[in-house]
Amino acid sequence: MTALSDPRLKDQKLDGFRVEIDAARERADVVLDRPPLNVIEMAERDQLRIAFEALDEDLRVRVIVLRAMGEHFSSGGNIAGFLQASPEHVAKLAWNVAAPARCAKPVIAAGRGYCFGVGFELSLACDFRIVSETCQYALPEQRLGQIPGSGGSARLQKIIGITRTKDIVMRSKRIAAKQAYDWGIATECVADGKLEAATDALVDELRAFSPLAPRTGHCYSRLRQSDDFREGVEAFQQKRKPAFRGT
């Protein structure tokens, strides 16, 4: 395991999380680690954005996993921090939390226990959400006289529609893991003891694909001209596993 190296974080101690890079598996883990509830501080949001941006440029990494230590993914943000933060800082919150969504590489959120507030919003910004049966999602800001401020309600509406989103946001309802899976919020719901194995399996599955396709997305014509597309077609015709090179 190696750590993240980025000049923007050179003189800073990571606030409530760490980054682990397994170059052999082409995997990076962003690990929330502020026990027991992994509360996310204001400064941490800035650092998380920088970490995702750095990993998106790191040639050693093909897949990024956002996970947490302990029984809970995150109970949300530090509420007192909102009163102390400047309006300019608060205006950047949605941009910081959207960092996983801007990554060209696949990002997997693996969650158990509480996944509330900004923790839920961070998960919604990821491409895949694998949850254990203990996971509970919620946007409880209504109880504080506030609304979700980091893009969570907008992303949730695209996934489950405006009626269900209003029901969750306006009533501060908690959504259990099974219901989240049934509604399409979670990609997969597994037993608590199998969360890590399910995450590992998805990482390995995604690594088996050409790295060009996730990065390029909409550029169909460019992919048609790539060596990996030719290799994929030839491997399909020859009934063998493709050997993608990312070119």
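Given the structure, is D56 within 20 Å of A110 (Cβ to Cβ), of a type outside the set (V, I, T) and either crowded, with 23+ Cβ neighbours inside 10 Å or in the same structural domain as E141 (by TED's automatic domain parsing) (or both)?
Yes, satisfied.
Could you please find all residues in segment 48-60 being over 20 Å from P148 (Cα atoms) and under 15 Å from the mean Cα position of the chain (by Cα)?
Within segment 48-60, I50, A51, F52, E53, A54, L55, D56 qualify.
Taking only pairs six or more apart or across chains, which ones have beta-carbon atoms under 7 Å, a first residue in segment 6-33 that is surrounded by fewer than 16 Cβ atoms within 10 Å (Cβ to Cβ), and a second residue that is among the polar types (S, T, N, Q)?
Here the result reads Q12/Q47; D15/Q47; A23/T2, each pair linking segment 6-33 to a residue that is among the polar types (S, T, N, Q).
Given the structure, is A51 out of contact with any helix residue (DSSP H, G or I) (no Cβ under 9 Å at 6 or more places or on another chain) and at negative phi?
Against the criterion (out of contact with any helix residue (DSSP H, G or I) (no Cβ under 9 Å at 6 or more places or on another chain) and at negative phi), A51 does not qualify.
Kindly indicate whether any position in segment 92-101 is closer than 19 Å to R18 by Cα and in contact with a strand residue (DSSP E or B) (Cβ under 8 Å, 6 or more places away or on another chain).
Within segment 92-101, one or more residues are closer than 19 Å to R18 by Cα and in contact with a strand residue (DSSP E or B) (Cβ under 8 Å, 6 or more places away or on another chain).
Need the failing condition index for N38 against (1) over 23 Å from A91 (Cβ atoms); (2) out of contact with any Ser or Thr (no Cβ under 6 Å at 6 or more places or on another chain); (3) not acidic (D, E), just the number.
Every listed condition holds for N38 apart from (2).
Can you find, within segment 114-165, the residue that is surrounded by the fewest Cβ atoms within 10 Å (Cβ to Cβ) among those that are of a type in the set (K, R) and touching a helix residue (DSSP H, G or I) at 6+ places or on another chain (Cβ under 6 Å)?
Taking the candidates together, the pick is R155.
When you scan segment 37-90, how many residues do you find that are closer than 23 Å to E133 by Cβ and not aliphatic (A, V, I, L, M)?
Final tally of qualifying residues: 9.
The values are calculated or read from the model by the stated rules, or taken from the named source; none is laboratory data. Here the structure is a predicted model, which means the values were calculated and not measured. Using ideal geometry, Cβ is built from the backbone for each residue, glycine included, and neighbour counts are taken over all protein chains shown.
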